[in-house]
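Student: Handing you this structure, nothing more for now.
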Amino acid sequence: MAKDKAKGQQMWGGRFAAQPSDIMQSINASIDVDRRMVREDIAGSRAHADMLAEQGIITEADNQAIQTGLDQIVAEVQDGTFPYRVELEDIHMNVEARLKELIGEPAGRLHTARSRNDQVVTDFRLWTRGALTEAKRAIAGLQGALVKQAGAHADAVMPGFTHLQTAQPVTMGHHMLAYVEMLERDSSRLGDCAQRLNESPLGAAALAGTGFTIDRDMTAEALGFDRPMANSLDAVSARDFALEALAALSIAATHLSRLAEEIVLWSSAQFAFARLSDEWSTGSSIMPQKRNPDAAELIRAKASLIAGQYISLQGAVKALPLAYAKDLQDDKVLTFGAFDTFGLCVQAMTGMMQTITFNRETMRAAAAKGFSTATDLADYLVREMKMPFRDAHHVTGSLVVLAEKQGCDLPELSLSDMQSVEARLTNDVFSVLTVEASALSRQSYGGTSPIRVTEQVAQWTQRLGLESQS
Ligand code: ARG
């Protein structure tokens, strides 16, 4: 951008004799980022102008001209002809300058009793509110895909792990629903954030409020905010709403990443629990047999990008004295980026989970390995022989050692082997050693039994407004 081309275009240029250097312009301009808030900026200006007219601060005729000019700008934005100009720095000055070109003098009255400091954060709160709603909607879509899989595999037994060591049999339905629960809390956190941020900074002006008799309730209401913010210094400098959104997104992305990690494991040849559809697999340029879970791996990586965006914004804010400082301009690139990345990850995860197929036989066989029903045996000794659990644990441990020595699993031990450790055992013991019996028995509330899973699936189906699967 040649300097003379920009000459005289800076709205704040009154006291300056020389134009900013090109590099100054490059570091200072935010239009490439904040143009995404053009609709919010126009909405804020409409509300502000209506209020100024209502309060008699500008004339109704000026307001009419402003509103008509803004209509024209909306149309230009819509059809892609709105001129975004880097020499005009940011979206606020781009809109105002265009308005001036369209309607002339009344445009200059729009900025009465307002500053870019309250304007930008009004736009940003509106944008974030919308993005939070969209993120919640996307999460609900993913929950729907998980609930469907949970319904289809309510009784599919797989190994449940602790320390990635076989622990106890669980059902795939139960496993899917664990993520549905996590995502529900994620959605709830985003909702809390949307609720808390819904206060209007507009009218705080530069930092101290204004001497004009503005009506902040009126603009707050027009923009769908619950109330005006009570402290003008806080209003222009607070960014905890964005931090909260990024923190909540980061936690949600962490959950996506954990599921992604499981997809990577499950779709390996060694696990072979699941197969991603062709749409969600990629090939290798050298190894023809490969079906790589790239999307899952990228979700794992991107969860860290989002966490980094949170940390970056926290770093930008933590040492800022009140009120506004230009550091705060970089809040938007971080926040927009985090929402974009999160949205992409949720969509990819939804696509994967809609089309993933599970290998029930392999999962069942894996569940039967690693003495997975040892706890069931110990519980049996407690229940049937009235043994204290600690003793039962010990007896079962000895049986596991025996099976290990024989290179077999617990159900393959003979009754006499069993009796060599605990003489009172009968053939009845074998009934608790199958993986199906184990899973079926865990009917405590929140347990893995297909009975409980089916109930939960029914509740989630209703809660999410999904088509019933029966
Ligand atoms: N583009 C700026 C931002 O995003 C708008 C506020 C500028 N305010 C100022 N006092 N320079 O933060």
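The values are calculated or read from the model by the stated rules, or taken from the named source; none is laboratory data. It should be emphasised that the depicted structure is a prediction, and the values quoted were computed from it without experimental measurement. For accessibility, only protein heavy atoms count, side chains too; no ligands or nucleic acids. Shrake-Rupley method; radii C 1.70, N 1.55, O 1.52, S 1.80 Å.
Student: Using the Karplus equation 6.51 cos²θ - 1.76 cosθ + 1.60 (θ = phi - 60°), what ³J(HN,Hα) coupling, rounded to whole Hz, does each residue of the range 46-57 give in order, writing x for Gly and Pro?
Tutor: Along the range 46-57, the couplings run 4, 5, 5, 5, 4, 5, 4, 5, 4, 8, x, 7 Hz.
Student: Among 48, 255, 111, what's the order by accessible area (1.4 angstrom probe), most exposed first?
Tutor: Result, largest first: 111, 255, 48.
Student: Next up: Output ³J(HN,Hα) for the range 415-432: one whole-Hz value per residue in order, computed from phi by the Karplus curve 6.51 cos²θ - 1.76 cosθ + 1.60 with θ = phi - 60°, and x for Gly and Pro.
Tutor: 4, 5, 4, 4, 5, 5, 9, 9, 4, 7, 5, 10, 4, 3, 4, 5, 5, 9
Student: While we're looking at this one, here's another question. Given the whole protein assembly as supplied and a 1.4 Å probe, what does the accessible area of residue 207 come to in Å², nearest 10?
Tutor: Accessible area of residue 207: about 80 Å².
Student: Right, next: Report, for the chain, the % of DSSP beta bridges that are antiparallel, rounded to 5.
Tutor: Bridges in the chain that DSSP calls antiparallel: roughly 80 percent.
Student: If you don't mind, another one. Going from most exposed to least, what order do 237, 26 have by accessible area with a 1.4 Å probe?
Tutor: These residues rank, largest area first, as 26, 237.
Student: Return the Cα extents of the chain along principal axes one, two and three, sorted largest first, each rounded to a whole Å.
Tutor: Computed over the chain, the largest-to-smallest principal extents equal 100, 52, 46 Å.
Student: Determine the per residue accessible area of the range 121-162 with all protein chains present and a 1.4 angstrom probe, expressed in square angstrom.
Tutor: For the range 121-162, the per-residue accessible area is 29 Å².
Student: Separate question: Calculate what fraction, in whole %, of the accessible area of the chain sits on carbon and sulfur atoms when a 1.4 Å probe is rolled over the protein chains.
Tutor: C and S fraction of accessible area: 52 percent.
Student: Rounded, prolate or oblate: which fits the range 1-136 when a ≥ b ≥ c are the square roots of the eigenvalues of the alpha-carbon gyration tensor, with rounded for a/c under 1.5 and prolate only if a/b beats b/c?
Tutor: Oblate, because a/c is 1.5 or more while a/b does not exceed b/c.
Student: For the chain, how many pairs of lysine residues have a Cα-Cα distance under 30 Å, where the two are 8 or more positions apart or belong to different chains?
Tutor: Final tally of qualifying lysine pairs is 28.
Student: Please report the accessible area of residue 227 (heavy atoms, 1.4 Å probe, ligands and nucleic acids excluded) in Å², nearest 10.
Tutor: 120 Å²
Student: Let me check against my output: what whole-number percent is the relative contact order of the chain, with C-alpha pairs under 8 Å and at least 6 apart?
Tutor: 17 percent
Student: Taking only protein heavy atoms into account and a 1.4 Å probe, give the accessible area per residue of the range 271-351 in Å².
Tutor: So the range 271-351 comes to 51 Å² accessible per residue, rounded to a whole number.
Student: Calculate the translational D of the range 261-402 in whole µm² s⁻¹ from Stokes-Einstein, where the hydrodynamic radius comes from the Kirkwood formula applied to all Cα pairs, the temperature is 10 °C and the viscosity 1.306 mPa s.
Tutor: 80 µm²/s
Student: Over the Cα atoms of the range 234-340, Rg to Rh with Kirkwood Rh, two decimal places?
Tutor: Rg/Rh: 1.19.
Student: How large is the convex hull of the C-alpha atoms of the range 355-470 per residue, in Å³?
Tutor: Convex hull volume per residue, Cα atoms: 131 Å³.
Student: Shape of the range 157-229 from its Cα gyration tensor (a ≥ b ≥ c, root eigenvalues): rounded if a/c is under 1.5, otherwise prolate when a/b > b/c, or oblate?
Tutor: Prolate, because a/c is 1.5 or more and a/b exceeds b/c.
Student: Compute, for residue 79, the solvent-accessible surface of its heavy atoms (probe 1.4 Å) with the complete set of protein chains present, and express it in square angstrom to the nearest 10.
Tutor: 100 Å²
Student: Could you put 129, 109 in order of accessible surface area, largest first, with the 1.4 Å probe and the full protein assembly present?
Tutor: Largest accessible area first, the residues go 109, 129.
Student: For the range 88-157, go through all pairs of different Cα atoms, get the mean of 1/r, take its inverse, and jot down that Kirkwood value in Å.
Tutor: It works out to 16.0 Å.
Student: When N counts the residues of the range 159-284, how does its alpha-carbon radius of gyration compare numerically with 2.2 N^0.38 Å, as a ratio?
Tutor: Relative to the rule-of-thumb radius for its length, the range 159-284 sits at 1.69.
Student: Another one. Relative to the longest principal Cα axis of the chain, at what angle does helix 374-385 sit, 0 to 90 degrees, rounded to 10?
Tutor: Once rounded, the angle reads 60 degrees.
Student: Shifting gears a bit: With the contact rule set at Cα under 8 Å and sequence spacing of 6 or more, what percent relative contact order holds for the range 130-274?
Tutor: 20 percent
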